[in-house]
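Structure first, then comments.
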C-alpha cells in the first residue's frame, strides 16, 4: 500500500472510532483464520456430499411431489447456506461477546479509552458481518463447484446470507453482553438454534409439517433466511414474498442493534 | 474392582447436581428423529435395499441415531470432561495421591462413560419404542449393543484425549467425527456408494456400531451382527491398551 493511501486510511480510522474496534478483531483474526476457513469449507462440503449427494439419490429416486421436480441437492444447498449463516452469526456473536464483556476482557479495556459503547458494538458487529460473509462466500464457491448454482446467482445469494447472519447476530449480541454464565449460551444453541436448524425448511419444505407447526416455522427468522436464499439461488423469487423476507430480516437486525446499543451502554458505562 | 468403583462413585457424587445435562444429550437425537420422521422420511419414501416394504425411512434412521447417541454420550465424557480434569483441574494428580492407581482411573472413567452412554440409550430407546419404531423381539439386543458401542468409544476417547494439546485440537476430533456421522450409513444405506467407498465405510467403527443396532431392531440377525460385536470389542480393547500406556506416561506420580 502506498504511503498516501495508508495516511488516508489512518485519518479514516481516527475519524470513525468503530473502525478501531473492527481493526482489533481483524488483527486477532489474522492469527486464527486458517482453522476457521477449514471449518467453513469442510463443514458445508461434508453436509452437501452426504445429505445432498447421498440422501439425494434416495429422494430423487422417490419422485415425491414435495420438491416440485427440483433435484434434492439444488433444494438443500441454499437451505444449508442460510443455516450456516445462522450458525456463524451465533458462533461469532455469542461466545466472543460473552468473553469480551467480562472483567479484564477487551470490552472494558476499550471502554477505558475515548471509544463509546456504541463504537465498540459497531466495530464488533462489522467484524461479525465480515465473518458471516467470508464463510458464506467460501460456501458459495463450493456450491458453484458442485454445479448447483451459476456464479452470477451465487454472487447475488451472498446478500441474503449476510442478512440472515446479522439478523441472528445483532439480537444475540444484545443478550450475550449481559449473560453471566457460558452454559446459557450452550443452552440457547442446543434448545433454540438446533430446532431452528432442523425445522425451518433447510432439509425439507415446511409444507410437510403439521398445520400448526408450519405457521410457527414460517415465523422463524431462519425460515425467512432460507426462503430468501433459496429463491435467489434457484432464480424463482417473487417480488411480494422477497420484500417480506428482506423486511423481516432487516427489521430483526435493526431491533437487535437498537437493543444491543442499550445493553452495551448499560454494561460498559458502569 | 474396588479402585475403578471408587472413581465411578466420585463421579456420581459430582454429577448428582448436573444430571439434567444428560437430557440435552437426548434432546438432539430426538430432534433429528422428529425432523426425519416428519420431513425427510416423506421425501425418501421406501428405503431401497431393505427387503420389507413396510419398513419406513424413520425405522431405518432411528437405530442409527441410537448408535450415534451412545457413541457421543461416551465419547464426549472421555474427551471433553477428561481433558478438563487432566490439564485444567489436575484432578488426577490429587486422585493419584490416594491409594488409587492410574489403571483404576482409566478403568473407572471408562466404566463411568459406559454408565452415561447406557443411560442416554435407555431413555432414547424408550422414546423410539414409544414412537412404535420397534418391530422385533431381537430389539432387546439393543441394550447390550449400546453398551458395547459405549465401551469402544469411551476407550477411544480416553486414548485420543492423551494426544490433545489444547481446546483448539477438539476441532480436529470434530473433523473426524462429523464426516463419520454423515457417511457411516446413518441417513442412507451402503448401496448408495461405489464398491471401493463401501469398503472404506465398512471399516469405520460407527458403521459397525450402526449395524450392531440396526439389524436386530429391523428383525434381521445374521453373521454381520456377530462380526460388528467382535470388531467393536477388539477396537475398544486396543484403544484401552493405548490409553493405559499413554496415561502411565502422562500421569507419572
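Values computed for the structure shown
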read-out	value
Which of A:58, B:34 has the fewest Cβ neighbours within 10 Å, and the rest in rising order	B:34, A:58
Average partner coverage of B:34-42, which counts Cβ from other chains inside 10 Å	6
In nm, spacing of pseudo-spin labels at residue A:9 and residue B:190 (7 Å Cα→C-beta vector)	5.6 nm
Helix B:223-250 vs. chain B, principal-axis angle (Cα, 0 to 90°, nearest 10)	20 degrees
Max mean-square fluctuation residue, GNM over chain A, Cα-Cα springs under 10 Å, options A:169, A:260, A:217	A:217
Shielding by partners - mean other protein chain Cβ count within 10 Å, residues of A:42-51	4
Cα-based shape type of the range B:61-195, given that a ≥ b ≥ c are square roots of the gyration tensor eigenvalues and the cut on a/c is 1.5	oblate
Computed label-point distance, nm, for sites residue A:183 and residue B:20 using a 7 Å Cα→Cβ extension	0.8 nm
Gaussian network model of chain A, springs between alpha carbon atoms under 10 Å - residue of A:14, A:82, A:42 with greatest fluctuation	A:14
Efficiency of FRET between residue A:137 and residue A:38 - r from beta-carbon atoms, R0 22 angstrom, step 0.05	0.90
Anisotropy class of the range A:76-203 from Cα gyration tensor, a/c 1.5 cut	oblate
Chain A, relative contact order [Cα under 8 Å, separation at least 6], %	26 percent
Mean separation of Cα contacts under 8 Å (6+ apart) over length of the range B:172-241, as relative contact order %	26 percent
Residue A:213-residue A:250 FRET efficiency (beta carbon distance; Förster radius 45 Å; 0.05 resolution)	0.95
Gaussian network model of chain B, Cα within-10 Å springs - most flexible of B:234, B:152, B:130	B:130
Semi-axis lengths (Å, descending) of the ellipsoid that matches the C-alpha gyration tensor of the range A:32-121	42, 14, 9
B:25, A:21, B:211 arranged by Cβ crowding within 10 Å, fewest neighbours leading	B:25, A:21, B:211
Percent RCO, i.e. relative contact order, over the range A:73-205, from Cα pairs under 8 Å lying at least 6 residues apart	44 percent
On Cα atoms only, tilt of B:142-161 relative to the major axis of chain B in degrees	50 degrees
0 to 90° range, to nearest 10: angle between helix B:21-35 axis and chain B longest Cα axis	20 degrees
Over the protein assembly as shown, volume per residue of the alpha carbon convex hull, in Å³	184 Å³
Spin-label model distance (nm) - residue B:203 vs residue A:109, 7 Å beyond Cα toward Cβ	4.6 nm
Inter-chain Cβ neighbour average for residues B:13-26, partner chain, 10 Å	1
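Read-outs: derived from the displayed coordinates by stated rules, not from any lab. Predicted model only: the values in this text are computed from it and were never measured. No Cβ is skipped: glycine too gets one built from the backbone with ideal geometry, and neighbour counts run over all protein chains shown.
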